[in-house]
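The values are calculated or read from the model by the stated rules, or taken from the named source; none is laboratory data. Because the structure is a prediction, the values reported are computed rather than measured. Every residue, glycine as well, gets a Cβ built from its backbone with ideal geometry; the counts of neighbours run over all protein chains shown. Areas reflect the complete protein model, heavy atoms only, side chains present, ligands, DNA and RNA absent. Shrake-Rupley method; radii C 1.70, N 1.55, O 1.52, S 1.80 Å.
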Amino acid sequence: VSRRTELALRAAAAKGPGTLVAFDPAIDKLSAEQRLIHRELPRAITAHELEVHYQPIVSAGGAAFVGVEALLRWTHVTHGSISPAAFIPVAEQMGLMDTLGAFVLRKALQDAKRWPDLYVAVNLSPLQVRDRGIIDVVRAALAESGVSPSRLMLEITEGVLIDNPDEMIRRIEDLHALGVRIALDDFGSGYSNLSYLQRFPLDKLKIDKGFVSALGQSGNGGVIIQAIVALGRALGLSITVEGVETEQQRVLLRLAGCDEMQGFLFARPASAKAIDRLIKQSKPSGASPAPPRACPAPTGCAPRRSRAGRRALHARRPDSRRRGRDRPCPRPDIAPPRCSC
Ligand code: C2E
Ligand code: MG
Ligand code: MG
């Protein structure tokens, strides 16, 4: 009975505060992999079997590195690599996500010091975002590392916004007050509730790789991406697209107006040391990265407003938040890498 009670309690915790979950035998039917994860994860954390790897994020214009996303990796001594998509939900159920999440945040910010020109994106699990304590965790990790908060991008998923929207708006605002940016990850994989984009103070939209793999296969994949990009831009969000695997996808996505891209075409997730090497190879020796250049298009681009500027605009015109912020670059074909627009 106590085991069943605990399983129901964990399922309730995973669904968020104020949720009632009665024990259901289905909760108990864990797959063999989940059982292994249940058994082994606490030991693996103590034994430092989990590592943080990084996947580069590139500018859509020139393919220059602009950021990295921190991704957890677990290589089990006998069972080999275990996917974070499998072990993170179990870590949440077992109440281990606080420890694991704080570990990723601290490690990513320490490693960020190796790449001063890049931002670092860190995924937050729904349980982390729901916990008010996340503000102190982020503040402490930033203070410990000395990294500028503007270089930290926190990635959250749509599901977390649904349960308690008002509280989540406050949470995002508190995180913004620390100076960090917030991205909505995997957009298009879940509810894709468009009103959230308007309602929540987000900085970036990450289009899910499901849309990218459909590019070139179905007639409307590109149209959907174009529509998401147009919507995101109208709301003042920057757009990253994930899962770019082919040159054809890259060209189509650039034409669709995405700002940044991430995918196996550019680089797979790799250790911090491997990222050091990649960055070194991508720069001519001794050269420092070029500063953002003005857009050479005849009409130029509207300057990208800072978040403070957007807030001021919002405060003046509450009903037209973010409207008319960025005009898309009129000539992305001739815009240089790291164009300031
Ligand atoms: P995500 O945050 O959307 O991360 C992107 C995932 O797409 C990564 O999978 C990455 O390896 C994969 N990916 C990147 N480029 C390509 C591509 O071109 N093609 C394909 N097919 N896949 C690509 P990964 O590392 O297995 O992570 C899966 C998910 O696990 C992540 O999705 C994220 O939701 C979660 N996750 C990973 N690390 C963490 C973490 O530290 N904390 C939390 N809360 N979640 C994490
Ligand atoms: Mg992510
Ligand atoms: Mg994603």
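Just the residues that are within 23 Å of Pro269 (Cα to Cα) and either among the small types (Gly, Ala, Ser) or surrounded by fewer than 16 Cβ atoms within 10 Å (Cβ to Cβ) (or both), please, taken from segment 219-256.
Ser238, Gly243, Glu245, Thr246, Glu247, Gln248, Val251
Which residues, counting only those in segment 230-262, are within 16 Å of ligand 2 (Cβ to nearest atom), of a type in the set (A, V, I, L, M, F, W, C) and over 19 Å from Ser213 (Cβ atoms)?
Leu237
Residues to consider are Thr99, Thr75; find the one that is assigned to a strand (DSSP E or B) and exposed (fewer than 15 other Cβ atoms within 10 Å of the Cβ).
Thr75
Take segment 102-118 and flag every residue that is open to solvent by 30 Å² or more (accessible area, probe 1.4 Å) and closer than 13 Å to Gly146 by Cα.
Hits for segment 102-118 are Arg106, Lys107, Gln110, Lys113, Arg114, Pro116.
With the condition kept exactly as written, say whether any residue in segment 269-288 is among the polar types (S, T, N, Q), in contact with a helix residue (DSSP H, G or I) (Cβ under 9 Å, 6 or more places away or on another chain) and modelled with pLDDT of 90 or more.
Step one: list which residues in segment 269-288 are among the polar types (S, T, N, Q), which gives 271, 281-282, 285, 288.
Add one more test, that the residue is in contact with a helix residue (DSSP H, G or I) (Cβ under 9 Å, 6 or more places away or on another chain), and what stays is none.
Taking every residue of segment 269-288 in turn, none turns out to be among the polar types (S, T, N, Q), in contact with a helix residue (DSSP H, G or I) (Cβ under 9 Å, 6 or more places away or on another chain) and modelled with pLDDT of 90 or more.
Regarding Leu154, is this residue within 16 Å of ligand 3 (Cβ to nearest atom) and either modelled with pLDDT of 95 or more or open to solvent by 10 Å² or more (accessible area, probe 1.4 Å) (or both)?
So Leu154 passes the test.
Got at least one residue in segment 197-206 being touching a residue at least 24 places away in the same chain (Cβ under 8 Å), more than 15 Å from ligand 3 (Cβ to nearest atom) and open to solvent by 20 Å² or more (accessible area, probe 1.4 Å)?
Here is the first cut: in segment 197-206, the ones touching a residue at least 24 places away in the same chain (Cβ under 8 Å) are 197-206.
From what is left, the residues that are more than 15 Å from ligand 3 (Cβ to nearest atom) are 197-201, 203.
Among the residues that remain, those that are also open to solvent by 20 Å² or more (accessible area, probe 1.4 Å) are: 198-199.
So far as segment 197-206 goes, yes, one or more of its residues are touching a residue at least 24 places away in the same chain (Cβ under 8 Å), more than 15 Å from ligand 3 (Cβ to nearest atom) and open to solvent by 20 Å² or more (accessible area, probe 1.4 Å).
Assuming Asp166 fulfils every condition listed in (1) modelled with pLDDT of 95 or more; (2) acidic (Asp, Glu); (3) surrounded by fewer than 18 Cβ atoms within 10 Å (Cβ to Cβ) apart from one, which condition is it?
(1)
For segment 123-182, how many residues are closer than 17 Å to Glu69 by Cβ and outside any helix (DSSP H, G or I)?
Of the residues in that region, 13 qualify.
Is it true that Phe266 is in a loop (DSSP other than H, G, I, E, B), out of contact with any Ser or Thr (no Cβ under 8 Å at 6 or more places or on another chain), among the aromatic types (Phe, Trp, Tyr) and within 25 Å of Leu71 (Cα to Cα)?
Yes: the conditions hold for Phe266.
Go through segment 240-256 and count every residue that is over 17 Å from Gln55 (Cα atoms) and in contact with a strand residue (DSSP E or B) (Cβ under 7 Å, 6 or more places away or on another chain). Explain how you work it out, then say what you get.
The first filter runs over segment 240-256 and keeps only residues over 17 Å from Gln55 (Cα atoms), leaving 247-249, 251-256.
Now restrict to residues that are in contact with a strand residue (DSSP E or B) (Cβ under 7 Å, 6 or more places away or on another chain): 253.
So the count comes out to 1.
Taking Gly216 as the residue in question, decide whether it is farther than 15 Å from Ala121 by Cα and open to solvent by less than 30 Å² (accessible area, probe 1.4 Å).
Considered against the rule, which asks whether it is farther than 15 Å from Ala121 by Cα and open to solvent by less than 30 Å² (accessible area, probe 1.4 Å), Gly216 comes out as no.
Kindly list the number of the only condition in (1) loosely packed, with under 15 Cβ neighbours inside 10 Å; (2) closer than 15 Å to Val129 by Cα that fails for His176.
(1)
Give me the pairs, please: first residue somewhere in segment 220-231 and within 16 Å of Lys206 (Cβ to Cβ), second residue anywhere and at pLDDT below 90 and of a type in the set (Lys, Arg), beta-carbon distance under 8 Å, and either six or more positions apart or on two chains.
none
In segment 188-237, what residues are of a type in the set (Gly, Ala, Ser), outside any helix (DSSP H, G or I) and in contact with a helix residue (DSSP H, G or I) (Cβ under 8 Å, 6 or more places away or on another chain)? Full working, then the answer.
To start, the set of residues in segment 188-237 that are of a type in the set (Gly, Ala, Ser) comprises 188-190, 192, 195, 210, 213-214, 216, 218-219, 221-222, 227, 230, 232, 234, 236.
With outside any helix (DSSP H, G or I) added as a condition, the list becomes 188-190, 192, 216, 218-219, 236.
If the condition is that a residue be of a type in the set (Gly, Ala, Ser), outside any helix (DSSP H, G or I) and in contact with a helix residue (DSSP H, G or I) (Cβ under 8 Å, 6 or more places away or on another chain), then Gly188, Ser189, Gly190, Gly216, Gly236 are the ones that fit.
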